[in-house]
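Remarks on the structure that follows.
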Amino acid sequence: MPVIEKNGDTIWHRRTTKQSLAHSAMWLVGLAIFAYCWQQISNATTWFFVWDAPRIASDIWTRATPPKWEYISQLGRPIWDTLNIATLGTLIALCLAVPVAFLAARNTTPSALFIRPVALLIIVSTRSINSLIWALLLIAIIGPGVFAGVVAIAIRSIGFCAKLLYEAIEEIDEVQVEAITATGASRWQVMAYGIVPQILPAFAGIAVFRWDINIRESTVLGLVGAGGIGLQLSASLNVLAWPQVSLILLVILAAVVISEWVSAKVRGAII
Amino acid sequence: MLKLKKLVKTYRTGDQALKSIELEVPEGQVLALIGPSGAGKSTLIRCINRLVEPTSGEVWLGDIELTHLKSSGLRRARREMGMIFQEYALVERLTVMENVLSGRLGYVGFWRSLTRRFPQSDVDEAFRLLDRVGLLAMADKRADELSGGQRQRVGICRALIQNPKLLLVDEPTASLDPKTSRQIMRLICELCTERGLAAIINIHDVALAQMFVQRVVGLRFGAVEFDGPPEALTPDVLTTIYGEEDWEATIKKVDDDGNEIEAAE
Amino acid sequence: MSTELEAVLGKTWKRPPFISNQLLRRGLALAFVAYLIAAYLTIDINWSRVYEGLDRGAQFALAFTNPDFTSRASDIWGGLLESVIITVAASVVGILISIPIGLGAARNIAPLPVYLICRGIVAISRALQEIIVAILLVAIFGFGPLAGFLTLSFATIGFLSKLLAEDIESMDRVQAEAIKASGARWAQWINYGVQPQVMPRLVGLSIYRVDINFRESAILGLVGAGGIGATLNTAFDRYEYDTAAAILILIIVVVMALEYISGIVRARVQ
């Protein structure tokens, strides 16, 4: 923080002239990048449709209201499927995430040089790719249906759960582990008595948290054909049955709210 | 019974924590290890049961040399050495009983320990020990519900249920108030006498050490500076171990203090 | 020997169960198993189809060792560039809008009506998934990156405003009050009392959101809202696994790079 003497007065500035120049230059570059991005988006847009948007929006709104309430009778099975995709997917993911997390954590990995990078690669690659893309891929491989959805959710969740879990493992209290080791316990016993009790609350929290996210994600998997309520949404959209669409959106909204409530309750009970 | 020969530990950073330590502890002797922070007390204790790998030298427990043992041999040797920690080191989310029984892990197979099906004799012994330290009623409480002194008692039970020949005790009183410190030290020493255990107690409170042990070893910069009975700890000796300070007051005050408490109880 | 000790000696010991009510415990376990069986039975897996698929799965896995960046190069790079453009634009706009809304959604600095409106916006944005918003916006604004841009901006607002508001609500009151006591105006108070406390986390969260936005931008193309998703979808439809593998690798690499950068930035601001 420089103080400059000028005409006998002492003036305080937050930055030196050089710093403030670099600062302005950075803002300018940022602005230029944003302007370029905006121009690209603008070029790819048919502005006629955009100016027409309010009319279309109100048109869709009048068609979509009121929702077709009696359609709910056909949504029972899709909702059940959605729940199954999320729950089974989460369970499978947890089973796979636990070993990956132990292999990835610095203090439990058998080999920091060879195995840890592989575990980290599994984590980053499953995490970076959205479950919809996994679903697309699995549908191409094993055909459309609920099973593809379960597997897609499972794969996508491995990285997420394993990352949070291995961070929890790296934060455990090493002295407790030392104490168990000092009793002459074997490697596996040290894990069961020294490490697992310490990460169990984190594990439960992660499981419920991910289940909540998976409920959200599984509601839209049907858009690409991987089962659940998204299938109905996609079908209704294709035939422009807006009253059905609005009902499905309401159901999805309710599912999201309920799952968030359940997960908050369970986490509150555990911790 | 325990014999350290030319034990050296050099950390990867280049710090020489132990410089060729020679030490022999006969059966049933309780020994206090004193010295300033960083003198290598903790490292010495951890080198014995190889929580820290010694760089060179030999550790003999009875007629077994520990530094060359492979993992299963090391586990068997560790069963013979109970360890008590500074911050208790209980597994906080397990119950008191589980913490005590974890001292038997070296004797029990993995599946039995996982499902908590310990042999009845172990369970009985755990109850007996908890009764001995006055915590029987707490058996099913979680360890993090206990006070500091209670936790350290559980830590003592965990070490004793191993049925060890030797206790390695690392600053057992550092996190406790003065009164609890004395109670814990007295308990440890009583139990050692009852069971004829040898013990190495790593402690920075000289006065407390003098009150309870038969032999004191002073460590400074990773080397033994003093080895003798507690009465031989003169201000001169303390100066060589810890550096210049007015020791007269410390020693005297401690003596008075100790007698007073003794009398009060 | 105390009487309590005599009472327990020779008795087996069991770890006290997590749920102490036995009926409830067994009931929950039973219900869970019953659910799993019911769920499994209704999934209806076509094992022969899965078996056939293994072959294609292996092909796809192999494609990762030999990804094809060239034969659809213009589609891939065009799509990727569009994804990046959407990400950047949506992040900038989303972050800028989320700051006032975040301020408004913090109970300790906003008046009640403003608070309710802002919390309402946050709740709506968080409850609707990106892809559903994208579908609606494509229906309204037509195909193209504009819909994707609006979708991600909207999602960013929900995410950042909520976290920012929580941050402001849990900030140190004393520091902020000290500034207020010096007679500062509201804007000055925010600038000097509130901003320094929440800025590091806001920067960290914004960078994290850029990362999320890029990942989400990869799927917007599936519903026609621009970005690399469309190219990816086409590749899957045509069973061009090597092109699909190339795209997936690109996505992973960009996400890794973003995570790396965000790690550096977060370390620097904190």
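Observations on the structure shown:
- Sorted largest first, the principal axis extents computed over the alpha-carbon atoms of chain C equal 85, 73, 37 Å.
- Note on A:104-117: average number of Cβ atoms from other chains within 10 Å of each residue's Cβ is 0.
- Burial order of peptide ranges B:134-145, C:211-222 (average beta-carbon count within 10 Å, highest first): C:211-222, B:134-145
- Rounded FRET efficiency, nearest 0.05, which uses the C-beta distance separating C:Ala127 from A:Lys68 and R0 of 22 Å: 0.55
- Residues A:Lys68, B:Lys9, B:Lys70, sorted so that the one with the fewest Cβ neighbours within 10 Å comes first: B:Lys70, A:Lys68, B:Lys9
- Within 10 Å of each Cβ in C:36-45, the average number of Cβ atoms from other chains: 5
- From the Kirkwood radius over Cα pairs of the stretch B:88-163, Stokes-Einstein at 20 °C and 1.002 mPa s returns a whole-number translational diffusion coefficient of 178 µm²/s.
- Rounded D (µm²/s) - the stretch B:32-157, Kirkwood Rh over Cα pairs, Stokes-Einstein at 37 °C, 0.692 mPa s: 202 µm²/s
- 3J(HN,Hα) couplings calculated from phi for the stretch A:175-190 with the Karplus curve 6.51 cos²θ - 1.76 cosθ + 1.60 (θ = phi - 60°) are, in sequence order, 5, 4, 5, 4, 4, 5, 4, 5, 7, x, 6, 7, 3, 6, 5, 4 Hz; Gly and Pro show x.
- When both the stretch A:186-254 and the stretch A:115-136 are represented by their alpha-carbon centers, they are found 17 Å apart.
- Straight-distance candidates among the lysines for linking to C:Lys11, with alpha-carbon spacing under 19 Å and chain neighbours fewer than 8 residues away dropped: B:Lys141.
- DSSP-loop trypsin sites (Lys or Arg not before Pro) across the stretch C:112-199, with at most 14 other Cβ within 10 angstrom: C:Arg185
- Gap separating the Cα centres of the stretch B:1-55 and the stretch B:100-133, nearest whole Å: 30 Å
- Förster radius 30 Å - calculated FRET efficiency between B:Ser147 and A:Arg187 (Cβ-Cβ, nearest 0.05): 0.35
- Calculated P(r) of the protein assembly as shown - Cα pairs past 41 Å, %: 51 percent
- Kirkwood-type hydrodynamic radius, the stretch C:120-210: 15.1 Å, calculated from all non-identical alpha-carbon pairs.
- Kirkwood hydrodynamic radius over Cα pairs of chain A, then Stokes diffusion coefficient at 25 °C and 0.890 mPa s, in µm²/s: 106 µm²/s
- Subset of B:Lys179/C:Lys14; A:Lys68/C:Lys162; B:Lys41/C:Lys14; A:Lys163/A:Lys265; B:Lys41/B:Lys179 violating a 28 Å alpha-carbon distance limit: B:Lys179/C:Lys14; A:Lys68/C:Lys162; B:Lys41/C:Lys14
- Chain A: relative contact order in percent, alpha carbon pairs under 8 Å with at least 6 residues between: 23 percent
- Fraction of C-alpha pairs exceeding 22 angstrom in the stretch C:10-146: 73 percent, rounded to a whole number.
- The alpha carbon centroids of the stretch C:212-270 and the stretch C:1-42 are separated by 47 Å.
- Taking N as the residue count of the stretch C:31-81, its C-alpha radius of gyration divided by 2.2 N^0.38 Å amounts to 1.96.
- Contact order normalised by residue count of chain C, Cα under 8 Å, 6+ apart, percent: 25 percent
- Peptide B:87-100 has a mean of 5 when you count, residue by residue, the C-beta atoms of other protein chains within 10 Å of its C-beta.
- Ranked by how many other Cβ atoms sit within 10 Å of their own Cβ, fewest first, the residues B:Val30, C:Val33 fall in the order C:Val33, B:Val30.
- Note on chain B: Cα convex hull, mean projected area over all directions, 14.7 nm².
- Scalar couplings 3J(HN,Hα) for the stretch C:49-57, obtained by applying the Karplus form with A = 6.51, B = -1.76, C = 1.60 to θ = phi - 60°, are 5, 4, 4, 4, x, 3, 4, 5, x Hz; x denotes Gly and Pro.
- Potential lengthening between C:Ala7 and C:Val33 on full extension [0.36 nm per residue; Cα-Cα distance subtracted]: 5.6 nm
- Among C:Ile86, C:Ile124, sorting on how many other beta-carbon atoms sit within 10 Å of each Cβ, with the fewest leading, yields C:Ile124, C:Ile86.
- Semi-axes of the equivalent ellipsoid for the stretch C:161-270, Cα gyration tensor, largest first, Å: 44, 14, 8
- Taking a point 7 Å out from the Cα of B:Ser56 in the direction of its Cβ, the residues of the stretch B:218-247 whose backbone N falls within less than 19 Å of it are B:222-224.
- Here the label points at C:Ser74 and B:Ala137, each 7 Å from Cα along the C-beta direction, are separated by 8.5 nm in the simple model.
- Within straight-line reach of A:Lys18, meaning a Cα separation under 18 Å, sit the following aspartates and glutamates at least 8 residues removed in sequence or on another chain: A:Glu5.
Readers should treat all values here as calculations from the given coordinates under stated rules, not as data from a laboratory. Quick caveat, the model's predicted, so the values are computed rather than measured. When we count neighbours, we look across all protein chains shown, and the Cβ atoms used for this are built from the backbone with ideal geometry, even at glycine.
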